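The values are calculated or read from the model by the stated rules, or taken from the named source; none is laboratory data. Predicted model, so just to flag it, every value in this text is computed and none were measured. Reconstructed Cβ throughout: ideal geometry from the backbone, glycine too, with neighbour counts over all protein chains shown.
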Amino acid sequence: MTLNSSPQPETPSVPTPGPNNDSPDMNTANKSGVVPKLRPTDEQPPTTALGQFAKLFQNSRNEPGVPNPDQAPKIEAQDLCFFYGEKQALFNVTIKVPPRSVTAFIGPSGCGKSTFLRTLNRMNDIIEGTRLAGKALFDGQDIYAPNVDVVQLRKKVGMVFQKSTPFPKSIFDNVAYGPMIAGQRNRRVLGEIVETCLKRAALWNEVKDRLAESALALSGGQQQRLCIARSLATNPDVLLMDEPASALDPASTARIEDLIFELKQNYTIVIVTHNMQQAARVSDFTAFFFEGRLIEIGETQTLFTRPKEKKTEDYITGRFG
Ligand SMILES: Nc1ncnc2c1ncn2[C@@H]1O[C@H](COP(=O)(O)OP(=O)(O)OP(=O)(O)O)[C@@H](O)[C@H]1O
Ligand SMILES: [Mg+2]
């Protein structure tokens, strides 16, 4: 898939961070940015404060992430910096997100998680006075190249927000909206898309008899799943989720987490969460941000039980933030 209609620039090669590069090390990543599988010698017992997470992983459904080193990252940032006017919000973020995986972004309020997420589908473009330096790549293509079709990019890199935002339209029309805008007028085809996406978003059984009703009549958890279905209708590769369950009750949160687990078979998911347990439960990889910098990224189980950085340990054990 290409993001533009003009000839493609050569895919940029991935620079290896040099000594003068003040981006934080990807501590658990090797030089090619690939997170290596745990070696038995790495498996020391966790410290007591981290023991709570070790327990969580005993019942985890997630196998430790084993990205194929030959597999190109779906999303990548190289030395990415971001500015709101004079204020710098992101500092030299370098990260690779493997395809068909869940990566969680954690970190205290104001550390730049949402800002970084929004750079990945150019949602910050709509904020005046912002500036980006460095690179963001989707399937190896520069997201910020001048010839990129932003509408096409946002179809491929969908976004789900903290507060569900259904249109004041019927359930059917909410999901059919994207394909209709893209020119699909065939009611039968639209019906198939709506059914498929609602099934994928684990909402079909609850709404199949009331598709013509207003989406605003759904519960908060149902609305959030509807927004996920709406994102799926544009056939994305990536779903960016900014605290998708933070406004939901425990039962709805569990449904969203189950859904994320299902969706990663087909999609690459990046989720921002303040909930450590949630990050530990749903993600294969976790990235810890602090004051606009990526401090550490690694396999979720490793990051939560044997973080490399003291700052990461302090944060996940609740010493600050
Ligand atoms: N539209 C904006 N204009 C100016 N500054 C902004 C804007 N949005 C965010 N910022 C600033 O950028 C920094 C990072 O904010 P961001 O929203 O990315 O943090 P966050 O990690 O998502 O926080 P939270 O966990 O509270 O959602 C903060 O200092 C914030 O004040
Ligand atoms: Mg945020």
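Tally time: how many residues in the stretch 92-148 are part of a loop (DSSP other than H, G, I, E, B) and within 16 Å of ligand 2 (Cβ to nearest atom)? Let's see the steps before the verdict.
Taking the stretch 92-148 as the starting set, the residues that turn out to be part of a loop (DSSP other than H, G, I, E, B) are 98-101, 107-112, 120-122, 127-129, 139-140, 143-148.
Next cut, within 16 Å of ligand 2 (Cβ to nearest atom) only: 107-112, 120-121, 127.
Qualifying residue count for the region: 9.
If I filter the stretch 241-271 down to residues being surrounded by fewer than 23 Cβ atoms within 10 Å (Cβ to Cβ) and within 16 Å of ligand 2 (Cβ to nearest atom), which single residue comes out as farthest from the chain's Cα centre (by Cα)? The extreme case among them is 247.
Within the stretch 149-158, being closer than 18 Å to residue 99 by Cβ, part of a helix (DSSP H, G or I) and either free of Cβ contacts under 8 Å to residues at least 40 places away in the same chain or not aliphatic (A, V, I, L, M) (or both) holds for 155, 156.
Take the residues in the stretch 108-140 that are within 8 Å of ligand 1 (Cβ to nearest atom) and under 13 Å from residue 242 (Cα atoms), then tell me which one is nearest to the chain's Cα centre (by Cα). Top of the filtered list is 117.
Between 238, 194, the distinction of being buried (at least 23 other Cβ atoms within 10 Å of the Cβ) and modelled with pLDDT of 95 or more belongs to 194 only. Restricting the first member to the stretch 247-259 and to residues that are of a type in the set (Lys, Arg), and the second to residues that are surrounded by 13 or more Cβ atoms within 10 Å (Cβ to Cβ), no beta-carbon pair is closer than 6 Å while six or more apart or on different chains. Contact map, the stretch 275-299: residues that are on the phi > 0 side of the Ramachandran plot paired with residues that are crowded, with 21+ Cβ neighbours inside 10 Å and among the small types (Gly, Ala, Ser), Cβ distance under 6 Å, separation 6+ or inter-chain. Pairs shown: 292/112.
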